[in-house]
Amino acid sequence: MKRLIVTVAIIVGISFLVPQFAGASGGGAHWGYSGHAGPDNWGNLSPEYSDCRKGTQQSPIDISTSVNNDMHPIETFYKSTPLKVLNNGHAIQVNYNPGSYMMIGSHKYKLLQFHFHSPSENKVKGKAFDMEMHLVHKADNGEIAVLAVFLKKGEKNATLQKIWDSMPLKAGKTKSSGGSINVTDLLSSTESYWHFTGSFTTPPCTENVVWSILQNPISVSDAQVKKFLSVIGEDARPVQPVNTRTIYGN
Ligand SMILES: [Zn+2]
């Protein structure tokens, strides 16, 4: 039942995950993480999803090697936002009120939402982490930037628990505790990160997404991972070929 995806969830999910498609008529074709609707077949489900099959800069990837580079500093300017937790049928997501942004060098990206995957989608030297958080941003010129943070099993994460306590059990539902959250409290150091060009990890797999992945994971408890999996199930796209891309790190 947890994999049952209602149309509302798909429309809501795609609208939020892929802001440039928000408002597109009819939503998208049904997709998921197993069977006919699973990742290996996403590119065949709809002409709109062809990048999932034909793209050459797809995400996620395995970071097996990186080129040492002087990286632009990442600076985050995130405010607190009302805690409304959305179960979009594919992930657990918190939409962010306008006014929060990050700077990568001189480039400004406005924070739209953050959401979670389990296990992690990107890997490091062939290994997945227990979870991965994606902070989705958009620049004024339309460019999308994702700031990703790995979660590794250890201590219970108190900030994460605030979200988990409001996690809707049903797809398409939003739940609010009345409190607020600042996603800054879920970041590790922004000084060390990997940087590369990729795509959305969900249909329509749109490319030219600027990826930055923090090298240090944050903590999540075994019970917190189990809770997520019991509600959403595994929601990680398999790693895609790196092809000619360069992964920079510091
Ligand atoms: Zn994601």
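The values are calculated or read from the model by the stated rules, or taken from the named source; none is laboratory data. Quantities reported herein were computed from a predicted structural model and do not represent experimental measurements. We place every Cβ from the backbone using ideal geometry, glycine too, and count neighbours over all the protein chains shown.
Per-structure values
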read-out	value
Residues (aliphatic (A, V, I, L, M) and either under 18 Å from Ala128 (Cα atoms) or in contact with a helix residue (DSSP H, G or I) (Cβ under 8 Å, 6 or more places away or on another chain) (or both)) located in region 173-222	Ile181, Leu186, Ile213, Leu214, Ile218, Val220
Options Ala145, Ala158, Ala139: the member that is at pLDDT 95 or above, within 22 Å of Tyr78 (Cα to Cα) and either touching a Ser or Thr at 6+ places or on another chain (Cβ under 9 Å) or not hydrophobic (A, V, I, L, M, F, W, C) (or both)	Ala145
Unique match (being in contact (Cβ under 8 Å) with a residue 60 or more places away in the chain, farther than 21 Å from Ser80 by Cβ and outside any loop (DSSP other than H, G, I, E, B)) among Thr174, Thr197, Thr201, Thr246	Thr197
Pair list, Cβ < 6 Å and 6+ apart or interchain, from region 102-119 residues that are closer than 12 Å to Lys138 by Cα to residues that are at pLDDT below 95 and within 16 Å of the ligand (Cβ to nearest atom)	Leu112/Pro19; Gln113/Phe16
Residue count, region 79-113 (criterion: crowded, with 20+ Cβ neighbours inside 10 Å, not hydrophobic (A, V, I, L, M, F, W, C) and not in a strand (DSSP E or B))	5
Residue match in region 180-190 (condition: farther than 28 Å from Gly35 by Cβ and in a strand (DSSP E or B))	yes
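This table checks each residue for (1) under 22 Å from Met103 (Cβ atoms); (2) among the basic types (Lys, Arg); (3) under 19 Å from the mean Cα position of the chain (by Cα); (4) buried (at least 16 other Cβ atoms within 10 Å of the Cβ).
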site	(1), (2), (3), (4)
Met167	no, no, yes, yes
Thr184	yes, no, yes, no
Gly198	yes, no, yes, yes
Val210	yes, no, yes, yes
Ile218	yes, no, yes, yes
Val239	no, no, yes, yes
Val242	no, no, yes, yes
